[in-house]
Amino acid sequence: MAEFIVGNPLRKWARDHRLLREALWRLDFVVVWLVTKLARLLPIDTASRYGDAMGRWVGPRLKQKTAIYRANLAIAFPELSAAELDALVIRAWGRSGRVMAEYPHLATILAEDQRLQIDIREPIETYRNPARPCVIVTAHQSNWEVVCSAMAKNAYPQCQPVLAPHESATG
């Protein structure tokens, strides 16, 4: 079942009540649609900052998702204090907000060469030959929606993103 953003506190009831579930899905759609429309009206950099602010404000209010962020980051960075982890979680929510707000601007981001740096150290021969399989692993150092488009722009047209499921690393 899809998760609710606005109606998250009502999700247990929504599982058993079809009308409530459908109303919450529609409400979430309207919220996401409005956020995306507003982002589209803004210049790219302003939209990105807007997304960051929205992510930092909305994200921590999603308690279960925030707990997953925190648990995963605690595994990745065991040396961080509780306060440092909390700050990192809020920054991560901001980055997620940026991704959402930048989404309507992806074509512009890809078209403006100064916005996208691609550093390919060696030719990827196996990828250029469609008869041979190839797996490319990338880091999330910017908007992850850009990776496949950037590869296609650089003559790697068969790019297919594969993402891990959004689950807690702890189980």
**Request:** Tell me, yes or no, whether region 99-118 has at least one residue that is within 14 Å of residue 44 (Cβ to Cβ), of a type in the set (Lys, Arg) and within 13 Å of the chain's Cα centre (by Cα).
**Result:** no
**Request:** Looking only at region 113-148, count how many residues are surrounded by 14 or more Cβ atoms within 10 Å (Cβ to Cβ), modelled with pLDDT under 70 and of a type in the set (S, T, N, Q).
**Result:** 1
**Fill in**
Taking region 77-114 and keeping only residues that are over 21 Å from residue 57 (Cα atoms), without any contact (Cβ under 8 Å) to a residue 24 or more places away in the chain and part of a helix (DSSP H, G or I), one is left with 107, 111, 113, 114
**Prompt:** Would region 56-75 turn up any residue that is in contact with a Leu (Cβ under 7 Å, 6 or more places away or on another chain), in a helix (DSSP H, G or I), closer than 24 Å to residue 145 by Cα and among the charged types (D, E, K, R)?
**Reply:** yes
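The values are calculated or read from the model by the stated rules, or taken from the named source; none is laboratory data. Note that the coordinates shown come from a computational prediction; the quantities given were computed from them, not determined experimentally. Here the Cβ is made from the backbone with ideal geometry for all residues, glycine too, and neighbour counts use every protein chain on show.
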